[in-house]
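This report refers to the structure that appears directly beneath it.
The values are calculated or read from the model by the stated rules, or taken from the named source; none is laboratory data. None of these values were measured; they are calculated from a predicted model. Heads up, the Cβs are rebuilt from the backbone with ideal geometry, glycines too, and the neighbour counts pull from every protein chain shown. All accessible areas refer to the heavy atoms of the entire protein, side chains included, with ligands and DNA or RNA removed. Shrake-Rupley method; radii C 1.70, N 1.55, O 1.52, S 1.80 Å.
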Amino acid sequence: MSRNFALLSALALSLAIPSWAGKTYTREEAINIALEKSSDVKSAEEDLKSASSQVTAGYGNAYPTIDLSATVTRIFGLDDVEKSTDLTDAAAQMAAGTDENGNPMANAYDQQVIGPAVDGLIYGMKSQGYRWQSSVGITATQILYAQGKVGTGIEIAKAYKRVSEVNLENKKAQVRYDVANAFDQLIYLDSAISIMYASKDMLQENLNFVEQSLKSGLATELDLIRVQLSMDQLNSKIASTEKKRILARNALLNTMGLEWESDVQFQGDLRDPAAGYTYPDTSMANVKKRRRELVMLEETENMKNLNIEIEEGGYKPTVVLLGGIKYANNKNDFFDWDAPKWDKLSKYVALNVTMNLFNGMKTRESVTQAKSSLRSTQIQKETAERGFRMQIESCANTLEDANSQIEIAKRQVDLAQKNYDLTNDAYKLGRETQLNLLTAENSLRTAKLDYMNSIVEWNKAYNALLQATGEY
């Protein structure tokens, strides 16, 4: 390999940093910042938190629920409820008098039993109409059997959590992929600018030679104009490429989630195709395990299967154990409360069994919809598998073409360099035209840029194949 070509290879694989550069980021620093600030990654992290919470909530459904309830009711249009002894007093009065036969009109039983009993009955009936009626109760509910909804629900929550975990990994991989490609593009533009400045130095030497030759009469004014035009065109290309570099730098900063900074720089290397990087594993059996999209679809398929079980549970009974304790207080005034007594509290334990007998075929249709949703996911997975095969084949072909283009670009640089050297030497001896020299210089610059581009394209192709096989 010639010295010029060796220098070009080094230039193509590294990003030079000017001595005046401000903040400098390496490739890994750029990726880490992008991962920290990416809105897609943050959203995926929140989705994972939600999914983890759903698993905990699913386990919570297996535990009993304890509810506290309190009710205060104000009923209008009622008089005060007072306890009276009217009938007991009447019996006592009657006992003091006699009938026509001289017998007491009421005996002791009437005074001590019948009177108080009827007074109590009347009071009990009237007490249902207190203006203020309040109650406080605690109820405990334990699901004993719910058609598998509790256990199956937990499994669905776990599957969704797994989907969220894989989705987070996928978002991070996409961020790394985007930053890497943007970084490689910036390397290309920086190196292209360096190549153009090196070409400008060569053209400046030619310009100096023509100016000296013009003074000595060995060159014409037309020769000078041609070199000046070439210099103007090269300056224009440099200016245009520098503008593209600014846009590429800002695009990378945007991908990283940072504000645009005029003095920020980036430092890193491209992969050297000659370093012998391991060819990605394209075995479909392994690709299926690594491709996160397939893993997510498989977990989704599992969720849809479990959902069918839940929907089919509509045909089965639900068994619930309930228990509770309640204190009721009915008074004429809100502030008047009786002290609760254990034997006066309402206490109960109940076993509740419910089973739907007919709901307008909602259960049957829900099962049908769940099965249809499962089949839709299965079709998506089958389609994705075929698409991955095509993607891998396409990326493999692109990488193979990129390897071929690098070899061609290498030869083009060598030939263009030899052509320029011979033409330049011949021109200085007056054996070659200036037009051919300018053409040779332009061909050399183009060959170097093409080689640079082939290196970048190889890196893009290698990244794309890594992504297609799930290794990125």
Some residue of segment 267-279 being under 30 Å from L48 (Cβ atoms), among the aliphatic types (A, V, I, L, M), surrounded by fewer than 17 Cβ atoms within 10 Å (Cβ to Cβ) and without any contact (Cβ under 8 Å) to a residue 12 or more places away in the chain: no
Condition check for Q212: modelled with pLDDT under 95 and on the phi > 0 side of the Ramachandran plot: no
Positions within segment 199-245 being of a type in the set (S, T, Y) and either loosely packed, with under 14 Cβ neighbours inside 10 Å or without any contact (Cβ under 8 Å) to a residue 60 or more places away in the chain (or both), in sequence order: S213, S216, T220, S236, S240, T241
Counted residues, segment 186-222 - those being under 28 Å from F266 (Cα atoms) and among the small types (G, A, S): 5
Enumeration of residues in segment 248-266 that are over 28 Å from the mean Cα position of the chain (by Cα), within 11 Å of L186 (Cβ to Cβ) and open to solvent by 40 Å² or more (accessible area, probe 1.4 Å): none
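Here's the yes/no breakdown for (1) hydroxyl-bearing (S, T, Y); (2) part of a loop (DSSP other than H, G, I, E, B); (3) touching a Ser or Thr at 6+ places or on another chain (Cβ under 6 Å):
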position: R431; (1), (2), (3): no, yes, no
position: N442; (1), (2), (3): no, no, no
position: R445; (1), (2), (3): no, no, yes
position: K448; (1), (2), (3): no, no, no
position: Y451; (1), (2), (3): yes, no, no
position: V456; (1), (2), (3): no, no, no
position: K460; (1), (2), (3): no, no, no
Residue tally, condition under 19 Å from D40 (Cβ atoms) and of a type in the set (K, R), over segment 139-161: 1
Pair list, Cβ < 8 Å and 6+ apart or interchain, from segment 425-449 residues that are closer than 30 Å to T241 by Cα to residues that are in a loop (DSSP other than H, G, I, E, B) and small (G, A, S): Q434/A219
Condition met for I187 (touching a strand residue (DSSP E or B) at 6+ places or on another chain (Cβ under 9 Å), at pLDDT 90 or above and assigned to a helix (DSSP H, G or I)): yes
Total residues in segment 312-361, condition part of a strand (DSSP E or B) and within 55 Å of the chain's Cα centre (by Cα): 21
Check on L465, touching a Phe, Trp or Tyr at 6+ places or on another chain (Cβ under 6 Å), assigned to a helix (DSSP H, G or I) and crowded, with 22+ Cβ neighbours inside 10 Å: no
Single residue of segment 37-52 satisfying the filter (of a type in the set (G, A, S) and surrounded by fewer than 18 Cβ atoms within 10 Å (Cβ to Cβ)) that is nearest to V175 (Cα to Cα): S39
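This table checks each residue for (1) open to solvent by less than 20 Å² (accessible area, probe 1.4 Å); (2) modelled with pLDDT under 90.
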| residue | (1), (2) |
| --- | --- |
| D414 | no, no |
| D421 | no, no |
| A426 | no, no |
| Q434 | yes, yes |
| L437 | yes, yes |
| L449 | no, no |
| I455 | yes, no |
| A461 | yes, no |
| T469 | yes, no |
Residue within segment 175-184 that is open to solvent by 70 Å² or more (accessible area, probe 1.4 Å) and in contact (Cβ under 8 Å) with a residue 24 or more places away in the chain present: yes
Near pairs, Cβ below 7 angstrom, 6+ apart or cross-chain, from segment 342-364 (without any contact (Cβ under 8 Å) to a residue 40 or more places away in the chain) to any residue that is surrounded by 11 or more Cβ atoms within 10 Å (Cβ to Cβ) and assigned to a loop (DSSP other than H, G, I, E, B): V353/P317; T354/P317; M355/P317
Meets criteria (within 26 Å of A159 (Cβ to Cβ) and loosely packed, with under 11 Cβ neighbours inside 10 Å) for A384: no
E312 modelled with pLDDT of 90 or more and of a type in the set (D, E): no
